[in-house]
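The values are calculated or read from the model by the stated rules, or taken from the named source; none is laboratory data. Model, not experiment: these values are computed from the prediction. Because the Cβ atoms are built from the backbone with ideal geometry, glycine has one as well, and the counts that use them run over all protein chains shown.
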2 protein chains.
Amino acid sequence: MIRAEIEQKFQSLQKDIISSLELADGIGKFKFDPWQRAEGGGGVSSILESGQILEKGGVNFSAVLGPLHPGAAKALGVAAQEFYACGVSIVLHPNNPMVPIIHMNVRYFETGNTYWFGGGIDLTPHYIVDQDATYFHGQLKNACDAFSPDFYAEYKKWADDYFFLPHRNETRGIGGIFFDRLDAENTGLTKERLFEFVMSVGESFAPTYTYLMKKNFELPYTDKHKKWQALRRGRYVEFNLVYDRGTKFGLETGGRTESILMSLPATAAWIYDYKPEVGSDEEYTLSMLRKGINWIEKT
Amino acid sequence: MIRAEIEQKFQSLQKDIISSLELADGIGKFKFDPWQRAEGGGGVSSILESGQILEKGGVNFSAVLGPLHPGAAKALGVAAQEFYACGVSIVLHPNNPMVPIIHMNVRYFETGNTYWFGGGIDLTPHYIVDQDATYFHGQLKNACDAFSPDFYAEYKKWADDYFFLPHRNETRGIGGIFFDRLDAENTGLTKERLFEFVMSVGESFAPTYTYLMKKNFELPYTDKHKKWQALRRGRYVEFNLVYDRGTKFGLETGGRTESILMSLPATAAWIYDYKPEVGSDEEYTLSMLRKGINWIEKT
């Protein structure tokens, strides 16, 4: 399996996801913004702003290559030589606070004789609804189970640990799956089969999220819900700017800023020491932002 | 000079600044939120929300002590032993986009036989007005010149380098002064005199900023100006969460999250690849967000 094949399939994935999202949104259209990287490669950022269901989001593809900077090599624990990296990254922020924020990433990295795949999908509801959480995790489990009986449990735990804000003692949302540095040796799957797994995760994204979009976008909401959404978006900003490895690595190594920060919401808010009312839906959501919840068996 | 004296003077400084800001604002009142730290010491956060001129901000005092964690000691380049740190930190976000955001910090740190002072003031106008920038830098120069003819130039450059967003290739605002790890040896001033300098910086804050508050808060503005303010606040969030050493150090070492993140604005916004109109005030501001501008001689 060669780079060109991975690149072509990731780029098709980007296009397919965009088509599905535009169809589900009904109004919003993605704008394509191709870019080149001086040191090698480039990408196509595709951004939607002001849709019917989606307020702001991106479905980005990139394939970059060139010399690995010493700092980056050190951070990755590999020798500083030529590298190649290719992937699709998605973050979508909806208008209606009853529709969750979603993130998806699939990526392939190669340097010297080493390669690995990484990726994941995680959901950040402004309001946690147990049935939706069960559905979401069930979809991810299906995508995993076809490849290994261990993947879902393992990568679900990885997501719980990764999408976590230590300074808030909160998970970002209800988690999902996260995996990194997967290769034939540590998974027992061939490289080809591993790529199929990664593609299967990528292909599960559109049906899973468009179901949640269509199910929830017409639910009524008030100013109180919008205010809470803005505060939760503030937390999303905190996670992405303080902890997210891809964001930090990208900004530090001179990545394309606008493509990296497409993950930030149209608006966000902060209130000093805000505490939701006792017994409110907001308080329920906060109480569920913790690791180790078995969402599949919750409902 | 002992800790108790520094602590008492910093706490008086906090109170004096709060009085001046409340007087200038006319409506807003700071709420005091005292807190204790399990390992030793504590602080008093004082937060204003929904004032007439100030929308959100904090004037925080803290004095903490205890064992220095290995990670923190490594970051500071000192031995991991007992430490003591005391300071006042301020960030203020105004309602009117014609009033600038301001930040001030004065601090004292001690471990083993080592001590140092640090601090600074920097201004982040949403719209840069040359005359205001000249006034602001002139005030800082006055505070510096009484102690050394070199301080202003040296600490102005330090601020230009520190309050900078590499991923945007922009300074945060028009800078100001920034200094760290000042002691008798590297400044040629006695510890007592150095503390007087730091207090002089702290005492210059209220008259300087309340002048800008009162001068600008009644200027007319439109939705276009509010939108630009929200985007500039987004950049402020990016600086504080990605680069600000105090914020990173605080969050990583288990500091009090709400006190640290009082620096974030009530609201912020992001638009993909936003570019202001050619010839607009917004474009002028962007063009001035760079290092090395001599603001004192600009007007």
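Here are the numbers:
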quantity: Residue within segment A:71-85 that is small (Gly, Ala, Ser), in contact with a helix residue (DSSP H, G or I) (Cβ under 8 Å, 6 or more places away or on another chain) and closer than 26 Å to A:Ser200 by Cβ present; calculated: no
quantity: Considering residues of segment A:244-253 that are more than 8 Å from chain B (Cβ to nearest Cβ) and over 16 Å from the mean Cα position of the chain (by Cα) only, the residue farthest from B:Leu54 (Cα to Cα); calculated: A:Thr253
quantity: So B:Gly254, is it assigned to a loop (DSSP other than H, G, I, E, B) and either over 18 Å from B:Asn60 (Cβ atoms) or hydrophobic (A, V, I, L, M, F, W, C) (or both); calculated: no
quantity: Residue in segment B:64-71 that is within 24 Å of B:Ala4 (Cα to Cα), touching an Asp or Glu at 6+ places or on another chain (Cβ under 8 Å) and loosely packed, with under 15 Cβ neighbours inside 10 Å present; calculated: yes
quantity: So A:Leu286, is it more than 10 Å from chain B (Cβ to nearest Cβ), loosely packed, with under 14 Cβ neighbours inside 10 Å and of a type in the set (A, V, I, L, M, F, W, C); calculated: no
quantity: Residue that is nearest to the other protein chains (Cβ to nearest Cβ) [pool: residues in segment A:144-176 that are aromatic (Phe, Trp, Tyr) and closer than 25 Å to A:Pro125 by Cα]; calculated: A:Phe164
quantity: Counted residues, segment A:18-40 - those being at pLDDT below 95 and surrounded by 14 or more Cβ atoms within 10 Å (Cβ to Cβ); calculated: 2
quantity: Within segment B:264-273, tally of residues that are over 25 Å from B:Glu49 (Cβ atoms) and either more than 10 Å from chain A (Cβ to nearest Cβ) or among the hydrophobic types (A, V, I, L, M, F, W, C) (or both); calculated: 1
quantity: Matching residues in segment A:180-189 - criterion: being buried (at least 18 other Cβ atoms within 10 Å of the Cβ) and assigned to a strand (DSSP E or B); calculated: A:Leu182
quantity: Selection within segment B:89-100 - assigned to a strand (DSSP E or B) and surrounded by fewer than 24 Cβ atoms within 10 Å (Cβ to Cβ); calculated: B:Val91
quantity: Inter-residue pairs, beta-carbon under 6 Å, first part of a helix (DSSP H, G or I) and in segment A:123-152, second of a type in the set (Lys, Arg) and surrounded by fewer than 22 Cβ atoms within 10 Å (Cβ to Cβ), 6+ apart; calculated: A:Asp130/A:Lys298; A:Thr134/A:Lys298; A:Tyr152/A:Lys141
quantity: Filtered residue count, segment A:127-158, keeping only those that are in contact with a Phe, Trp or Tyr (Cβ under 6 Å, 6 or more places away or on another chain) and within 24 Å of A:Asp281 (Cα to Cα); calculated: 3
quantity: Residue satisfying condition, being of a type outside the set (Gly, Ala, Ser) and assigned to a helix (DSSP H, G or I), within set A:Leu48, A:Leu13; calculated: A:Leu13
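Every residue, every condition in (1) in a helix (DSSP H, G or I); (2) in contact with a Pro (Cβ under 9 Å, 6 or more places away or on another chain); (3) facing chain A (nearest Cβ under 9 Å), yes or no:
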site	(1), (2), (3)
B:Phe178	no, no, no
B:Phe205	yes, no, no
B:Pro220	no, no, no
B:Gly234	yes, yes, yes
B:Phe239	yes, no, no
B:Met262	yes, no, yes
B:Lys275	no, no, no
